[in-house]
Amino acid sequence: MIDLRSDTVTLPSDEMRDAARDADVGDDVYGEDPTVNDLEARAAGVLGTEDSLFVPSGTMGNQVAARTHTERGQEVLCERESHVYRWELGGLVQHSEVQPRTILGDDRGVITPEQVHDGYVAESGHEAGTGLLTLENTHNSKGGTAISPEDIAAAAEAAHEHDVPVHLDGARLFNAAAALDRPPAEFVEPVDSVVFCLSKGLGAPVGSMLAGSEEFIERAHRNRKLLGGGMRQAGIIAAPGLHALANRDRLTEDHRRAERLAEGIARIDGLTVQSPETNIVLVETDEPAERFLEACKQEGVLGVPFDDHVVRFCTHWDVDDADVDEAVAAVERAV
Ligand SMILES: *Cc1c(COP(=O)(O)O)cnc(C)c1O
């Protein structure tokens, strides 16, 4: 079975398993795990932030960020198809008691400075005011689109004009950086905090990093604890994360394979393919997505439904060129 459901299905390499076994560990709730501390310092270094915090998942990273930036009752501006709004169980409302106000991005998920100004609400006797803008890169629901540092900066500057902080959900930030051949820090410089996942294309078994200023991370630490994310000898899971972070240049291979997959599927009658910008391939089918995926599964390839007639296939490091060619053949048989 060729599993193209997500880049989260990758299995840890032997190197990662060895690193987990051999890791120096301590109690991270006391800040005494040397491997976690090393990972946090390195992630901050790559992103150009003062500090970072190891969290169990990207979802927790986003939720901790929202809780840290906002006050109860405020509004949070987010793109209508963004992960933090759509795919985190309404966590903004549950954990931060804030009210999301959505902005409809363009077909790549980009929101403009004008839209940020329009969405902004000033605090008054009747309105709680806007407490945060969230951005997403790559934009998952739009098919892994790689949004430029300039587009990120433009939206962020608009928020900053109103003294509203900006959080970047960069679960796949390194995919964007690799696709546009720009340093990751350029995407982070305009924002106040950022999350990225070690556990997606970078291949770690678990974990994400939340990064920002020293003062922000200090407060985020308390909120991680509040949400149950304080971990003890976490170096065991941080050690594979160090390997994952070092793996980021490999993502261009996933992107090349996504293109190969898209080109193959585009030649099949009855399917429309969105040209991939990173490692996500969205395919539109005449058949209902679920039925199409069932047929694909019979032929040996897995994807996930994304909309009534749209499915997602994702390339990752457990998929090689031969797998991609076999996947195209399987999809053709399924059709
Ligand atoms: C996967 C993802 C997350 C959440 O990460 P988890 O580690 O699965 O909780 C957040 N945002 C985006 C855009 C994602 O793709």
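The values are calculated or read from the model by the stated rules, or taken from the named source; none is laboratory data. Nothing here was measured: the structure is a model prediction, and the numbers come from that model. Cβ placement follows ideal geometry from the backbone for every residue including glycine, while neighbour counts extend to all protein chains displayed.
Against the criterion of being within 14 Å of the ligand (Cβ to nearest atom), more than 15 Å from the chain's Cα centre (by Cα), more than 18 Å from G203 (Cβ to Cβ) and not acidic (D, E), L77 does not qualify.
Selection within the range 126-151: residues that are assigned to a loop (DSSP other than H, G, I, E, B) and of a type in the set (S, T, N, Q). The member of this set that is nearest to the ligand (Cβ to nearest atom) is N140. Here P113 does not fit the description of being touching a residue at least 12 places away in the same chain (Cβ under 8 Å), more than 16 Å from the chain's Cα centre (by Cα) and within 15 Å of the ligand (Cβ to nearest atom). Please go through the range 312-335 and give me each residue that is buried (at least 18 other Cβ atoms within 10 Å of the Cβ) and either of a type in the set (A, V, I, L, M) or under 17 Å from V273 (Cα atoms) (or both), ordered by number. Hits for the range 312-335 are R312, F313, C314, T315, V319, V324, A327, V328, A330, V331, A334. Only one of the listed residues (L180, L202, L210, L198) is surrounded by fewer than 24 Cβ atoms within 10 Å (Cβ to Cβ) and among the aliphatic types (A, V, I, L, M). That residue is L180.
Given the criteria under 20 Å from G143 (Cα atoms) and either touching a Lys or Arg at 6+ places or on another chain (Cβ under 9 Å) or touching a residue at least 12 places away in the same chain (Cβ under 8 Å) (or both), does V273 qualify?
No, not satisfied.
Annotation note: of L261, L271, the sole residue that is in contact with a helix residue (DSSP H, G or I) (Cβ under 8 Å, 6 or more places away or on another chain), surrounded by 16 or more Cβ atoms within 10 Å (Cβ to Cβ) and closer than 19 Å to D7 by Cβ is L261.
R260 fulfils the conditions (1) in contact (Cβ under 8 Å) with a residue 40 or more places away in the chain; (2) in contact with a Ser or Thr (Cβ under 8 Å, 6 or more places away or on another chain); (3) within 19 Å of F313 (Cβ to Cβ) except for a single criterion, (2).
Residue by residue, here is whether (1) within 21 Å of I147 (Cβ to Cβ); (2) out of contact with any Pro (no Cβ under 7 Å at 6 or more places or on another chain); (3) within 16 Å of the ligand (Cβ to nearest atom) holds:
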position: A177; (1), (2), (3): yes, no, yes
position: D181; (1), (2), (3): yes, yes, no
position: V191; (1), (2), (3): yes, yes, yes
position: V195; (1), (2), (3): yes, yes, yes
position: S208; (1), (2), (3): yes, yes, yes
position: S213; (1), (2), (3): no, yes, no
position: H221; (1), (2), (3): no, yes, no
position: K225; (1), (2), (3): no, yes, no
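Please verify whether L39 is within 14 Å of N223 (Cβ to Cβ), within 16 Å of the ligand (Cβ to nearest atom), among the hydrophobic types (A, V, I, L, M, F, W, C) and over 15 Å from the mean Cα position of the chain (by Cα), treating the condition exactly as stated. No; evaluated as a whole, the condition is false for this residue. Scanning the range 220-262 for residues that are within 26 Å of G303 (Cβ to Cβ) and of a type in the set (A, V, I, L, M, F, W, C) yields A244, L251, A258, L261, A262. Looking only at the range 183-195, which residues are assigned to a helix (DSSP H, G or I) and crowded, with 22+ Cβ neighbours inside 10 Å? Matches in the range 183-195: F187, V188.
Screening V84 on (1) within 16 Å of the ligand (Cβ to nearest atom); (2) at pLDDT below 95; (3) β-branched (V, I, T) shows it passes everything except condition (2). Looking at V55, V46, V93, just one residue is within 17 Å of D192 (Cα to Cα) and modelled with pLDDT of 95 or more, and that residue is V46. The set of residues in the range 217-274 that are touching a His at 6+ places or on another chain (Cβ under 8 Å) and under 25 Å from A176 (Cβ atoms) contains only D254. With the structure loaded, tell me whether A155 is under 24 Å from T278 (Cβ atoms), more than 12 Å from the ligand (Cβ to nearest atom) and surrounded by 20 or more Cβ atoms within 10 Å (Cβ to Cβ) or whether it fails that test. Criteria met by A155.
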